[in-house]
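FYI, it's all coordinate maths here, none of it is from the lab. These figures come from a predicted structure and were not determined experimentally. Note that each Cβ is placed from the backbone with ideal geometry, even for glycine, and that neighbours are counted across all protein chains shown.
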Amino acid sequence: MSNSDGNLHVALLPSSGMGHLLPYLRLAASLIHHQCSLTLITTHPIVSSAESQLISTFLSAFPQITQKKFTPIPLDPVAANITDPFQLQWETIRQSAHLLSPLISSSSPPLSFIITDMTLMSSVISVTAKLCLPNYILCTSSARMLSLFSCFPSIPSSIPKESLPPILLDSNGSFTKNFSDNSGSLKHFNGVLINSFEELENESLEMLASGNLTEGLPPVFPLGPFLPLELERISLLAPLKWLENQEESSVVYVSFGSRTAMSKEQIRELGNGLVLSGCKFLWVVKSKVVDKEEENGLDEILGHQLMKKIENNGLVVKEWVDQWQILSQKAVGGFISHCGWNSVVEAAWHGMPVLGWPQQGDQMINAEVIEAGGWGLCMKSWGWGSNHLVKGVEIGDKIKELMGNQRMKMECARISEVAKQRSKAGEGCENMLKTLFQSLTKS
Ligand code: UDP
Ligand code: UDP
């Protein structure tokens, strides 16, 4: 399994979107720490500026990593019937997966195994199976989502059907078809690595390990919580400076991740809600899915009136912020989140109560993890992203509830303590990776 120098050579194949790329790079750093040689396969053209910048910073920080550039055959978004540019990139890679074969087989020294993104599974497994190359998955979502994924189109009894995103209820759509194909290919993989840990998702991890969900499910390695790399630090200091001057636990941080745009109407209701809550707030506004298209100024998006009302209560930014640093500030006492999985794990680590407002995809299922743990709320009644306008008054009331709930604060402190314990050397990731490497040397 290892090369002549005794080291494993691992290739990483992320798909696209910061929520997929970040956990890959965080895992990459752990693998390097374990003396693995790495090849990072990057797909071009890269969709967002955030991804391009992160990839170049990462490769400069780790010059020992080999970059292999993959340029798939472009797809026509109209013919493919896909509007989301990140999803289009997933589909583009899938349809050009055969072109990965020469790229993978020319790796020197030969690869020990590859780690593939979930969105690409069924198309990549046929390539790696022909090359007899072991293939692992890095699941960028929750174990709860993985439990659905592993038996789809069946739905585990622990997950209400209403928690599935509307896009997955359309059984004829291409998203559902890919999801289903990927799910069906799971048993051909050697294992699933996941950014989760026992105390965060005990029930789902046990269910996955029990073998009761699906026959032939490969082993799941919970490696979480993943921690950010030093190189992810960015120089946008204004939010951190502003937070330094706020009272302890007085600020609500609002962000919907890297690829969720809100309608102007909903953004303005949210702004009114924040003002009505009477709390201080740090709000990252996003009106476009891809950062390169974010050309409108805050004045235009929020309107003059709202901008005036906000002035004394909060700070609003439109740029990429250092979420990890923000969550670690004493002044921050609550988080309004779409519940992308990375954000959920980061909130857990920091012991931050979450007002979960899922917008799409796996986010409702992820938010249910927080709700079940008692350290946040999952706003089911607010519907899915674009199909429902939530009024400012209602938002304001829920923010007050979030910031004043003592029971949630206690649960948060508990989960944070466990998460920090897990991320100490020798715990969680380290031990799991050792188990993984041991299983590899046996095969
Ligand atoms: N993030 C960040 N700054 C931003 C927006 C996002 O640091 O301005 C990070 C966030 O901390 C998380 C990731 O980007 O690690 C987003 O992943 P998540 O799964 O939460 O949501 P997605 O963006 O995939 O919807
Ligand atoms: N997924 C998949 N195939 C697809 C789309 C999604 O296998 O074509 C899986 C994948 O594991 C992904 C999860 O479903 O992480 C949730 O999808 P979503 O659109 O929410 O992507 P994410 O928010 O994770 O970027």
Item to check | the range 224-364: mean projected area of Cα convex hull, nm² | outcome: 8.4 nm²
Checklist outcome for this item: Exposed-loop cut sites defined as trypsin sites (Lys or Arg not before Pro) in DSSP loop states with at most 15 other Cβ within 10 angstrom; longest site-free run of the chain spans 1-232
Next on the checklist: Two decimals, Cα atoms only, Kirkwood Rh: what is Rg/Rh over the range 333-443?
Outcome noted: 1.11
Checklist entry - Using every alpha carbon pair in the range 261-333, what percent of pairs falls into each 5 Å bin from 0 up to the bin containing the largest distance? => result 3, 15, 27, 24, 19, 11, 2
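Under the 0.36 nm per residue contour assumption, what length would be gained going from the current alpha-carbon distance of Asn313 and Asn296 to full extension?
Full-extension gain reported as 3.9 nm.
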Checklist outcome for this item: Computed from the beta carbon distance with a Förster radius of 41 Å, FRET efficiency for Ala129 and Ala372 to the nearest 0.05 stands at 0.65
Item to check | Distance (nanometres) between label positions extended 7 Å along Cα→Cβ at Lys380 and Asn172 | outcome: 3.0 nm
Item to check | Spacing of the two label points (7 Å from each Cα toward its C-beta) at Asn431 and Asp397, in nm | outcome: 4.5 nm
Next on the checklist: If the elastic network links every pair of Cα atoms under 10 Å, which of Gln87, Gln305, Gln67 fluctuates the most in the Gaussian network model of the chain?
Outcome noted: Gln305
Checklist outcome for this item: Kirkwood Rh for the chain from C-alpha pairs, in Å, is 22.5 Å
Checklist outcome for this item: Residues whose built amide H sits under 5 Å from the amide H of Val220, excluding neighbours closer than 5 in sequence, are Val192
Checklist entry - Given H placed 1.01 Å from N in the peptide plane, which residues other than close sequence neighbours of Leu38 have an amide H under 5 Å from its amide H? => result Val10, Thr66
Checklist entry - How compact and how long is the range 61-191, expressed as Rg and Dmax of its alpha-carbon atoms in Å? => result 16.1, 48
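Assuming a viscosity of 1.002 mPa s and a temperature of 20 °C, what translational diffusion coefficient in µm² per second does Stokes-Einstein assign to the range 192-283, Rh being the Kirkwood radius over Cα pairs?
122 µm²/s
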Next on the checklist: Could you work out the relative contact order of the range 160-222? I mean the mean sequence separation of Cα pairs under 8 Å and 6+ apart, divided by the number of residues, in percent.
Outcome noted: 33 percent
Checklist outcome for this item: Extension length gain for Lys187 and Ile32 (0.36 nm per residue less Cα distance), in nm, is 53.1 nm
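How large, in Å, is the range 1-111 by the Kirkwood hydrodynamic radius built from its alpha-carbon pairs? Don't skip to the end; give the middle numbers.
On the way: mean 1/r = 0.0670 Å⁻¹.
By the Kirkwood definition, the hydrodynamic radius is 14.9 Å.
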Next on the checklist: If the elastic network links every pair of Cα atoms under 10 Å, which of Glu394, Glu430, Glu269 fluctuates the most in the Gaussian network model of the chain?
Outcome noted: Glu394
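What is the sum of charges around Ala209, taking Lys and Arg as +1, Asp and Glu as -1, for the other residues whose C-beta is under 12 Å from the C-beta of Ala209?
Charge balance in the 12 Å sphere: -4.
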Item to check | Ser250 paired with Lys264, simple spin-label distance in nm, labels 7 Å along Cα-to-beta-carbon | outcome: 3.4 nm
Checklist entry - At what distance in angstrom do the alpha carbon centres of the range 39-94 and the range 114-138 lie from each other? => result 17 Å
Checklist entry - Relative contact order, percent, of the chain when contacts are C-alpha pairs under 8 Å separated by at least 6 residues? => result 15 percent
Checklist entry - Counting pairs of alpha carbon atoms under 8 Å apart in space and at least six apart in sequence, what relative contact order in percent does the range 1-127 give? => result 34 percent
Item to check | Net charge over other residues, Cβ less than 15 angstrom from the Cβ of Glu232 (K, R count +1; D, E count -1) | outcome: -3
Checklist entry - Taking only DSSP H segments of four or more residues, each worth -39500 (n - 2.57), what value at 222 nm results for the chain once the sum is divided by all its residues, to the nearest 500 deg cm²/dmol? => result -13000 deg cm²/dmol
Next on the checklist: Please give me the summed charge of the neighbours of Ser96: other residues whose Cβ is under 15 Å from its Cβ, Lys and Arg +1, Asp and Glu -1.
Outcome noted: 0
